[in-house]
1. Which condition does Ala371 not pass, out of (1) of a type in the set (A, V, I, L, M); (2) surrounded by fewer than 24 Cβ atoms within 10 Å (Cβ to Cβ); (3) out of contact with any Lys or Arg (no Cβ under 7 Å at 6 or more places or on another chain), if it passes all the others?
2. Across the stretch 138-152, which residue is modelled with the lowest pLDDT among those that are over 26 Å from Asn359 (Cβ atoms) and surrounded by fewer than 13 Cβ atoms within 10 Å (Cβ to Cβ)?
3. How many residues does the stretch 45-82 hold that are modelled with pLDDT under 75 and more than 20 Å from Gly166 (Cβ to Cβ)?
4. Quick one: Val242 ticks every box in (1) farther than 26 Å from Pro134 by Cβ; (2) outside any helix (DSSP H, G or I) bar one, so which box is it?
5. With the condition kept exactly as written, say whether any residue in the stretch 223-234 is farther than 30 Å from Pro147 by Cβ, assigned to a helix (DSSP H, G or I) and among the aliphatic types (A, V, I, L, M).
6. How many residues does the stretch 346-368 hold that are in contact with a Pro (Cβ under 6 Å, 6 or more places away or on another chain) and within 21 Å of Phe110 (Cβ to Cβ)?
7. Among the residues of the stretch 135-186, what is the count of those that are of a type in the set (D, E, K, R) and under 18 Å from Asn114 (Cα atoms)?
8. Looking at the structure I just gave you, is Ser323 within 27 Å of Ile214 (Cα to Cα), out of contact with any helix residue (DSSP H, G or I) (no Cβ under 7 Å at 6 or more places or on another chain) and either without any contact (Cβ under 8 Å) to a residue 12 or more places away in the chain or crowded, with 17+ Cβ neighbours inside 10 Å (or both)?
Amino acid sequence: MNMGKVYSRRERVETALNHREPDRVPCDLTIAPPAYMELCEYLHVPFEPYWWDDCNHAFASVEVLEKLDVDIMHFSANAFVPRDFSIERDEFRDQWGVLRKKIWDTDTDFMYINGDAPLAGIEDVADVYAYHWPEPEELYNPDLAVPLVKSLYRETDFALTCQVGGHLFEMGQFLLGFEDYLAYLYTEPEIVEAIMDKTMEIQMKVETMVMDTIGEYLTYVRLNGEDVGTQNGPLINPAYYVQVVKSRHETEWSHVKKEFRKHNPQGKLSVHTCGGVYPFIPHFIDAGADILNPIQPSAAGMDTELIGREFGGSLCFHGGIDSVNVLALGNEQDVRNEVKKRIHDLGQGGGYLCAPSHNIQGGVPMENVIAMYEAIHEYGKYPLY
């Protein structure tokens, strides 16, 4: 019980992540660049994202976050974009050698997709090790990160979170191509596992550098995506995950937590995996996840009432507000009802960071976005109804 205490944003998030109830449920903003442009115009603030992540996620400015009364501020220390990246570019080759191409869904909404697969068709593990892998130093720019994070920590009360590492499972999709990768899981497992291991080797070095330079300023760290789910359920057999992927996740996740907690003993680890991942959740907990993002209630098996009841004591949740059906297609009252339900299902006893179930996309009504944050502040006050 918070006994009427007024929390800073950082305290609010820290309290929730320790499975205690602050004054209200903390909230976050995850948004794609086209939608962020629309939001800035709606709020009458400059379009000035201060950091680019993987080109499909815009990190919001202090001014935008303050207008929405959001508690968390994002940045990335494991870039997938070149340091001279501009959102105006139609294509670029990322730090791992994958071509990214801009596609337009509508006249105003776009995203970047993979344009090639540099290791497509390889037949031997030797080809994996012969590939031009990035050096860890190419993936992290402390000259940019350190002064920025220090100033944000000292001059704001946002809970700061940094994206780093991950992509052990997904990197093969990028390098081999999605269809070939799924086939290689079973026909060429040694190639897939070599890609996982080489990716992990690089990412763990980056994680150590990041934690040694800015770990003390972070509330939690976020690993790059490990999507093992789809809208209709698991992408892979959970038994395959246990047999091949889980031990590697345990190795990487324990490493980043160990390095992080040298500098912040209370630091938490967030893992990202889209889709219907209910069968994997116990394994994520075993492997060391503290926070699961994004909790997509529109995906098969992702019943938030069940997930909150079954895993709420040992896992924190990030996301939950249906961005596919409600934010994009509903009205403001639909959004309010959605927020109320997800807070009830996932926020009991703390442990919930309320946010969209994935990045808000271009074309989503900005009135619905504003309604979401207004509802979080209304329905998220502890004690919950």
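1. All conditions are met except number (3).
2. Out of the qualifying residues, it is Asp143.
3. So the count comes out to 2.
4. Of the numbered conditions (1) farther than 26 Å from Pro134 by Cβ; (2) outside any helix (DSSP H, G or I), the odd one out for Val242 is (2).
5. no
6. 3
7. 3
8. Spelling it out, it is not the case that Ser323 is within 27 Å of Ile214 (Cα to Cα), out of contact with any helix residue (DSSP H, G or I) (no Cβ under 7 Å at 6 or more places or on another chain) and either without any contact (Cβ under 8 Å) to a residue 12 or more places away in the chain or crowded, with 17+ Cβ neighbours inside 10 Å (or both).
The values are calculated or read from the model by the stated rules, or taken from the named source; none is laboratory data. All values reported here derive from a predicted model rather than from experimental measurement. Cβ sites come from the backbone with ideal geometry, for glycine too, and all protein chains shown count toward neighbours.
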